[in-house]
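The values are calculated or read from the model by the stated rules, or taken from the named source; none is laboratory data. The structure presented is a predicted model; accordingly, all values stated were derived computationally and were not measured. Backbone-built Cβ (ideal geometry, glycine too); neighbour counts: all protein chains shown.
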Amino acid sequence: MDAPTALDTSQILELRQYTLHPGKRDTLIELFDRAFVETQEHHGLRVLGQFRDLDAPDRFVWLRGFPDLASRAARLEAFYGGPAWRDHRDAANATMIDSDNVLLLRPVDPDSGFVLPTARAAAAAEPGAFVLATIYLLRAPADDAFVELFDTRVAPVMAAAGAPPLARFRTEYGKNEFPRLAVREGEHAFVWFSSFTSAAAHAQHRAALAGSPRHTTVAAQLAERCVAPPQELRLAPTQRSLLRHAEPVGYTTRRRGSARDFDFIAGDWHIANRRLAARGAGSTDWEESPATSRATLHLGGIANVDEIAFPTRGCSGMTVRRFHIADRQWSIHWISSTTGAIDPPVVGGFAGDRGEFYGEDEDGGRPVKVRFVWTRLGPDAARWEQAFSFDGGPWETNWVMELTRPAR
């Protein structure tokens, strides 16, 4: 059974990169995990993750969180003035050449932090798995327009290639009230995290990006806004790191929505369907068919039902959607007339005119991750796409519906 998880509520984050003396990284990690985790958390400092940089054998990277900027200095003073640091600082400092490479960050929004285990346990990381931190240094602050670009253009491309963002952060510009610990200043950073099961999965992701015209476009848009190429940190978690590899569904099911997200669906639609002839087999053959549907809203809009008929295929289906108010998320259930079974739900919501919904199912006996993408295209048009990820690989879109209103 998976360990319970919860959204980390830290509103200030330090991304700390330490350059160490050759051969001293394991010495620092052993000391850190033994002496500096609970002792920091006792003073209200949240140790989110500790890592070996896979591409720099003498680099140690870790993440520390705070509930807010106002209390950061007092919490740091309590730890660095306390017995744990006093007793072990000489041993820790002896491993370090530099510890001033620190980005001070805040979540992009209240829901964009990490989802982490609720309890810390020493455990070997999944062999070969790692967390990827991507750092954009921008020409200007990562304002809401940049975040919208990332959420609507960049993140979908990354998710389609098997790396949905786990968390998103941008520079905190407040004053560093604890000058004993330097932070980088005068920079505009945007940092996002993803994770991979292995180096092979990462290579597969990069190959998928290389073959994506959409990625070429969004990469050019990002390059215009950046002062340097993105920095990527491949981070292998230590035994006591909370942050480690998470399946794609771990981030994306947290996408929040509104009870009004599916108001547009009410009424009649003509639908043009395209479906892959074979899924998960590298097929490029698409089968086309028409359909019609009618959708109705219920319970003041927090539930809706549509029934779709496929006349050339001799079958029909029904979609039931419900909005869970406390979680601000939609669950979408599909029922087919050919089986009468109700599929496991996909869960999510809209950001702007794009909605993403994720879940797990089986296809031909194979377990799959499932993604629905809804795109609102004005009052009289919409698009729905279904994609599967087999064995943690890239997303393969296998069904597309183009919806248009009947002529009035």
(Q) Looking for something in contact with a Ser or Thr (Cβ under 7 Å, 6 or more places away or on another chain), closer than 30 Å to residue 55 by Cα and assigned to a loop (DSSP other than H, G, I, E, B) - is there at least one such residue anywhere in region 231-240? (A) no
Just one listed residue, out of 293, 316, is part of a strand (DSSP E or B), surrounded by fewer than 19 Cβ atoms within 10 Å (Cβ to Cβ) and of a type in the set (Gly, Ala, Ser), and it is 316
Those helices (runs of 4 or more DSSP H) completely within region 59-150 that have 1 or more residues that are within 22 Å of residue 32 (Cα to Cα) are 72-80, 83-93
message: Against the definition (among the basic types (Lys, Arg), at pLDDT 90 or above and in the same structural domain as residue 300 (by TED's automatic domain parsing)), how does residue 321 come out, yes or no?
response: yes
Condition set surrounded by fewer than 21 Cβ atoms within 10 Å (Cβ to Cβ) and more than 14 Å from residue 137 (Cα to Cα), scope region 102-111, selection modelled with the highest pLDDT: answer is 106
Reported set for region 203-233 where residues are within 22 Å of residue 58 (Cα to Cα) and surrounded by 18 or more Cβ atoms within 10 Å (Cβ to Cβ) is 233
Taking region 45-58 and keeping only residues that are part of a strand (DSSP E or B) and touching a residue at least 40 places away in the same chain (Cβ under 8 Å), one is left with 47, 48, 49, 50, 51, 52, 53
**Message:** On the basis of being within 18 Å of residue 261 (Cα to Cα), within 29 Å of the chain's Cα centre (by Cα) and surrounded by 13 or more Cβ atoms within 10 Å (Cβ to Cβ), does residue 381 make the cut?
**Reply:** yes
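For region 273-290, name all the residues that are touching a residue at least 40 places away in the same chain (Cβ under 8 Å) and part of a strand (DSSP E or B).
Listed by number, the residues that qualify are 273, 274, 275, 276.
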Scanning region 174-200 for residues that are in contact with an Asp or Glu (Cβ under 9 Å, 6 or more places away or on another chain) and either of a type outside the set (Lys, Arg) or over 24 Å from residue 51 (Cα atoms) (or both) gives 176, 178, 181, 182, 183, 195, 197, 198
The condition of being at pLDDT 90 or above, surrounded by 15 or more Cβ atoms within 10 Å (Cβ to Cβ) and within 24 Å of residue 16 (Cβ to Cβ) holds, among 190, 264, only for 190
Residue 207: passes all of (1) at pLDDT 90 or above; (2) touching a strand residue (DSSP E or B) at 6+ places or on another chain (Cβ under 7 Å); (3) over 29 Å from residue 16 (Cα atoms) but (2)
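Do the conditions hold for residue 307, that is, is it of a type outside the set (S, T, N, Q) and under 19 Å from residue 280 (Cα atoms)?
Considered against the rule, which asks whether it is of a type outside the set (S, T, N, Q) and under 19 Å from residue 280 (Cα atoms), residue 307 comes out as no.
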